[in-house]
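First comes the structure, then the notes that go with it.
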Amino acid sequence: MSEGDEDRDESGWDVDPDDEQGAAVVAAVGRQLKVWREAAGMRVADLARAMGYGEDLVRKVEGGTRIPRPEYLDKADRALKAGGRIAAMKQDVETARYPKPVRDLAKLEAKAVELLAYGNHNLHGLLQTKEYATALFQMAQPAHTPEQIERGVAGRLSRQSIYRRSPAPTLSFVQEEVTLRRRIGGTMVVRRQLEHLLEVATLRNVTLQVMPTHCEEHAGMDGLIQVLKFGDGTAVGRAEGSFHGRAVSEPRQLQVLELRYGIIRAQALTPRESLAFIEQVLGET
């Protein structure tokens, strides 16, 4: 195999062996691709050559150990003259490419009619730009591999489809001042991130507030809080400093989190003051 083939074999992601659902989806897609190839009378080498990939990648995808990228499925569709039926598998594979915890959180957010989120260390994932999210993943220790970073960022950005939902859910964020000022990724990354916050904050279903560092009264000293409310009246929430950091759904436990979040909102800058504050930080950055 040539060096170029080795590079092209990177067109995908390894399957997480602990992700049974994702592994099952990828295995099913791989079996279908093999059936299509054999029905076309093509060997692995023939298909690899037709798509411009290495043979090892084709074997891994067909064997269900490698998650194919969307462009891989598009090329396979053309090479095997599948008339769009292989390309249609992209939607199935898309969910498997994201880590299971991200998929689980995305499912909850997709059902939520209201979200309450207080962040004290980083900006909430639904507020992050691609560059900011990438910088965060790059700072993880032990260090992530490039593939893990790419999958993590893609999964985080995929959750932002919540902004395109109709009817739109009500989203409330309170961010610590330090999350605006910490120069994650460098000055230009932070400037674009602050500009993005100003854009998101103009959405009618979004409320964004800032908790200034000089605030003497602060109900959020125990750490981040998130509550998701659903259309059937149920909810789920989590807080770092309560209930051992586990997700909770009992009404009495949720009442504690909502009470604390309500106080944090009252102590923070108003939405209008927060926008002015973000603009001020942007001007200083």
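We did not get these values from a lab; they are worked out from the coordinates using the rules stated. This is a predicted model, so every value here is computed, not measured. Note: ideal-geometry Cβ built from the backbone for every residue, glycine included; neighbour counts use all protein chains shown.
In a fully extended conformation the segment linking ARG204 and GLU147 would gain 16.9 nm over its present Cα-Cα distance, using 0.36 nm per residue. Could you let me know the centre-to-centre spacing of segment 182-221 and segment 120-149, using Cα atoms, in angstrom? Between the Cα centre of segment 182-221 and that of segment 120-149, the gap is 16 Å. Between ARG246 and ARG272, the simple spin-label model (points 7 angstrom out along Cα→Cβ) gives 4.5 nm. Remark: the SER158-ILE263 segment gains 34.7 nm on full extension, using 0.36 nm per residue and subtracting the alpha carbon distance. When both bridge partners sit in the chain, DSSP labels roughly 55% of those beta bridges antiparallel. For the pair ARG191 and ALA87, label points projected 7 Å from Cα toward Cβ lie 3.9 nm apart. Okay, which of segment 66-81 sit inside 13 Å, backbone N to the point 7 Å along the Cα-Cβ direction of ALA39? Once the point is set 7 Å along Cα→Cβ of ALA39, 77, 80-81 turn out to lie under 13 Å by backbone N, inside segment 66-81.
Of all DSSP-defined beta bridges confined to segment 156-283, some 50% are antiparallel rather than parallel. Only loop residues by DSSP count here, and only those with at most 13 other Cβ atoms within 10 Å; note down the chymotrypsin sites (Phe, Trp or Tyr not before Pro) in segment 169-256 that meet that. The qualifying sites: there are none.
Prolate is the label for the chain, because the ratio a/c of its alpha-carbon gyration tensor axes (a ≥ b ≥ c) is 1.5 or higher and a/b is greater than b/c. For VAL210, the residues 5 or more places off, or on other chains, whose built amide H falls under 5 Å of its own are GLN175, LEU269, SER274.
The modelled label-to-label distance for the pair ARG78/ASP104, using points 7 Å beyond Cα in the direction of Cβ, is 4.0 nm.
What is segment 134-209 by shape, rounded, prolate or oblate, if you read a ≥ b ≥ c off the alpha carbon gyration tensor as root eigenvalues and call it rounded for a/c under 1.5, prolate for a/b larger than b/c, and oblate otherwise?
Oblate shape, in that a/c is at least 1.5 and b/c is the bigger or equal ratio.
What FRET efficiency would be calculated for the residue pair ALA168, GLU216, taking the C-beta separation as r and a Förster radius of 35 Å, to the nearest 0.05? So, using R0 = 35 Å, E works out to roughly 0.50. Under the classification rounded if a/c is under 1.5, otherwise prolate if a/b is larger than b/c and oblate if not, where does segment 165-285 fall, given a ≥ b ≥ c as square roots of the Cα gyration tensor eigenvalues? It is prolate, given that a/c is not under 1.5 and a/b is the larger ratio. The H on the amide N of THR170, modeled in the peptide plane, is under 5 Å from the matching H of GLU114, LEU115, each at least 5 residues off or on a different chain.
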